[in-house]
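A.B. asks: Encoded as structure tokens, here's the structure I'll be asking about.
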Amino acid sequence: MRGESLFSMERLVGCRLCRRSRWRTLRSRWLAASLTCTVLVIYICFLDLLHSSMHFPVLWETSSPPRQVTVLIWYEPFGKRRRIADCHSLFNITGCQLTTNRSLYQEADAILFHHRDIIDFFDFPLIGRPTSQKWIWMNFESPAHSPWLNSLGGVFNWTMSYRVDSDIFMPYGYLFSRMLPKIILPHKRKLVAWVISNWNEDHERVQYYNQLREYVDIDIYGRYGMDLKEDNIVKTVSEYKFYLAFENSLHTDYVTEKLWRNAFKSSAVPIVMGPSRYNYELFIPRNSFIHVDDFSSPRKLAAYLKFLDKHTHLYRRHFLWKKRYDVHVTSFWDEHYCMACETVKAAGNQHRTVSDLATWFES
């Protein structure tokens, strides 16, 4: 099933499953499918269900009435204190209490651990851990920027990440259904832009850029380039036809805001460097982006960009998806907290342990 893209799968089923079912029916059907099939159904149903209700699907069935659950956020990501989200007002998720109060440790139904804030085990609440309590590993960095993985086997019950085979799948963004009679693009006077804050000459993306710029003009913004227009990425990139959506490391399913916000929200065609084209096509239409792997050299890619620049009707074909879909960029961190709580509610007494976190996440 994973060999079929989201969009070919949608043509096959017409999203009838989404239209005629609500969450209880969907959850029972997902249980009967393999994990891979479940992921594809989740993506199909994003288009009609997710945007309207802001409930993400989960992998467990429950017939219990709604209950109040408490999720303890053990580390506030990157040490930044934030106002705790109201899941009901933001996402229509009820029965969720989010807290950062560690004194509620033994009362919590689940504890959410942000990976990048884990330094050692001495800070973990290992003593008196309730047997029914779920520990959720949350991480949205790539394996290349995720230390400690080999030390965390057997510690957590669930995973939450951008990986589609996570227990709680939270992408950086997604497409949802929206029919429009006409595609309207902002006026574009410039060709290629790139916003980058982490410049490293050893990174593959910087090396590729150094070759590409020999054949086509590229405007650089951020720490190592020009200032953003009104300090806004979308306003800046909207003036360009193409955007370099180059990930800082290349891993399965690692498709970040560089695609969803920087390119798609700016109505710029993303030139992507990340996982394979096949992997991208699980999430977005095949003609909505340009992959560097489609070309044998940066020189040939540059020639193609100049060709599209002169042939507007061919350039606009990269935006045909806009007639049917719009873009949602995931909100850090409110959506993640509320989704974790919703999953705990739905799972009931289901329990498991992630025995080898490193092998799974690095695969």
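A.B. asks: Test each condition in (1) assigned to a loop (DSSP other than H, G, I, E, B); (2) more than 28 Å from VAL255 (Cα to Cα); (3) modelled with pLDDT of 95 or more for GLN97 and report the one that comes out false.
C.D. replies: Among (1) assigned to a loop (DSSP other than H, G, I, E, B); (2) more than 28 Å from VAL255 (Cα to Cα); (3) modelled with pLDDT of 95 or more, GLN97 violates only (1).
A.B. asks: Next up: Is region 307-322 home to any residue that is under 27 Å from GLY154 (Cα atoms) and crowded, with 16+ Cβ neighbours inside 10 Å? So that I can check it myself, show each step before the final result.
C.D. replies: The initial filter retains those residues of region 307-322 that are under 27 Å from GLY154 (Cα atoms), namely none.
Scanning region 307-322 turns up no residue that is under 27 Å from GLY154 (Cα atoms) and crowded, with 16+ Cβ neighbours inside 10 Å.
A.B. asks: Continuing with the same structure: Which of (1) buried (at least 19 other Cβ atoms within 10 Å of the Cβ); (2) within 25 Å of TYR325 (Cα to Cα); (3) hydrophobic (A, V, I, L, M, F, W, C) does MET160 not meet, given it meets every other one?
C.D. replies: (2)
A.B. asks: Pull up region 80-111, narrow it to residues that are acidic (Asp, Glu) and touching a residue at least 12 places away in the same chain (Cβ under 8 Å), then point me to the one that is nearest to THR353 (Cα to Cα).
C.D. replies: ASP109
A.B. asks: Quick test of your reading of the structure: LYS190 fulfils all but one of (1) within 22 Å of VAL255 (Cα to Cα); (2) at pLDDT 95 or above; (3) of a type in the set (D, E, K, R); (4) surrounded by fewer than 19 Cβ atoms within 10 Å (Cβ to Cβ). Name the failing condition by number.
C.D. replies: Among (1) within 22 Å of VAL255 (Cα to Cα); (2) at pLDDT 95 or above; (3) of a type in the set (D, E, K, R); (4) surrounded by fewer than 19 Cβ atoms within 10 Å (Cβ to Cβ), the lone unmet condition for LYS190 is (1).
A.B. asks: Residues that are farther than 26 Å from CYS96 by Cβ and without any contact (Cβ under 8 Å) to a residue 24 or more places away in the chain: which helices (runs of 4 or more DSSP H) entirely in region 282-363 hold 1 or more of them? Break it down stepwise before answering.
C.D. replies: Working: elements: 298-310, 312-315, 334-347, 357-361.
Where helices (runs of 4 or more DSSP H) fall fully within region 282-363 and carry at least 1 residues being farther than 26 Å from CYS96 by Cβ and without any contact (Cβ under 8 Å) to a residue 24 or more places away in the chain, they are 298-310, 312-315, 357-361.
A.B. asks: Return yes or no: is PHE113 outside any loop (DSSP other than H, G, I, E, B) and either surrounded by 18 or more Cβ atoms within 10 Å (Cβ to Cβ) or aromatic (Phe, Trp, Tyr) (or both)? Let's see the steps before the verdict.
C.D. replies: On the way: outside any loop (DSSP other than H, G, I, E, B): yes; either surrounded by 18 or more Cβ atoms within 10 Å (Cβ to Cβ) or aromatic (Phe, Trp, Tyr) (or both): yes.
Yes, satisfied.
A.B. asks: Return the residue satisfying two criteria in turn: it lies in region 239-252 and is in contact (Cβ under 8 Å) with a residue 60 or more places away in the chain and over 9 Å from GLY274 (Cβ atoms), and of such residues it is farthest from the chain's Cα centre (by Cα).
C.D. replies: Looking at residues that are in contact (Cβ under 8 Å) with a residue 60 or more places away in the chain and over 9 Å from GLY274 (Cβ atoms), I get LYS241.
A.B. asks: While we're looking at this one, here's another question. Consider region 239-257. How many of its residues are closer than 23 Å to TRP333 by Cβ and either part of a strand (DSSP E or B) or among the acidic types (Asp, Glu) (or both)?
C.D. replies: Selection size over region 239-257: 4.
A.B. asks: Since ILE196 meets every condition but one in (1) surrounded by 20 or more Cβ atoms within 10 Å (Cβ to Cβ); (2) assigned by TED's automatic domain parsing to the domain that holds ALA347; (3) within 22 Å of THR256 (Cβ to Cβ), which condition does it not meet?
C.D. replies: (2)
A.B. asks: I've got another one for you. Among what's in region 138-156 and is in contact with a His (Cβ under 6 Å, 6 or more places away or on another chain) and closer than 19 Å to VAL344 by Cβ, pick the residue that is surrounded by the fewest Cβ atoms within 10 Å (Cβ to Cβ).
C.D. replies: That would be ASN139.
A.B. asks: Scanning region 226-238 for residues that are in contact (Cβ under 8 Å) with a residue 24 or more places away in the chain and assigned to a loop (DSSP other than H, G, I, E, B), which turns out farthest from ASP165 (Cα to Cα)?
C.D. replies: LEU228
A.B. asks: Only one of these is more than 24 Å from LYS80 (Cα to Cα) and either loosely packed, with under 15 Cβ neighbours inside 10 Å or in the same structural domain as ILE271 (by TED's automatic domain parsing) (or both): ASP123, ASP202, ASP167. Name it. Even if it seems obvious, please write down each step before you answer.
C.D. replies: Details: ASP123 fails: more than 24 Å from LYS80 (Cα to Cα); ASP167 fails: either loosely packed, with under 15 Cβ neighbours inside 10 Å or in the same structural domain as ILE271 (by TED's automatic domain parsing) (or both).
It is ASP202.
A.B. asks: Restricting attention to region 187-199, does a residue exist that is in contact (Cβ under 8 Å) with a residue 60 or more places away in the chain, within 23 Å of the chain's Cα centre (by Cα) and closer than 29 Å to ARG116 by Cβ?
C.D. replies: Yes - at least one qualifying residue is present in region 187-199.
A.B. asks: Would you please name the residue that is nearest to PHE319 (Cα to Cα), looking only at residues in region 253-283 that are among the polar types (S, T, N, Q) and within 15 Å of the chain's Cα centre (by Cα)? Quick ask: steps written out before the conclusion?
C.D. replies: Within region 253-283, the first condition is being among the polar types (S, T, N, Q), and the residues that meet it are 256, 262, 266-267, 276, 279.
When the remaining residues are screened for being within 15 Å of the chain's Cα centre (by Cα), the result is 256, 262, 279.
Working: THR256: 20, ASN262: 15, ASN279: 20 Å.
Ranking the candidates gives ASN262 first.
A.B. asks: Shifting gears a bit: When SER296 is evaluated against the numbered criteria (1) of a type outside the set (Val, Ile, Thr); (2) surrounded by 19 or more Cβ atoms within 10 Å (Cβ to Cβ); (3) on the phi < 0 side of the Ramachandran plot, which criterion, by number, is the only one it fails?
C.D. replies: The failed condition is (2).
A.B. asks: Quick one: which residue in ARG163, ARG223 is assigned to a loop (DSSP other than H, G, I, E, B), free of Cβ contacts under 8 Å to residues at least 40 places away in the same chain and basic (Lys, Arg)? Walk me through it before giving the result.
C.D. replies: Numbers: ARG163 fails: free of Cβ contacts under 8 Å to residues at least 40 places away in the same chain.
One residue alone meets the criteria, ARG223.
The values are calculated or read from the model by the stated rules, or taken from the named source; none is laboratory data. Quick caveat: nothing in here was measured; it's all calculated off a predicted structure. Don't worry about glycine lacking a Cβ; one is built from the backbone with ideal geometry, like all the others, and counts go over all protein chains shown.
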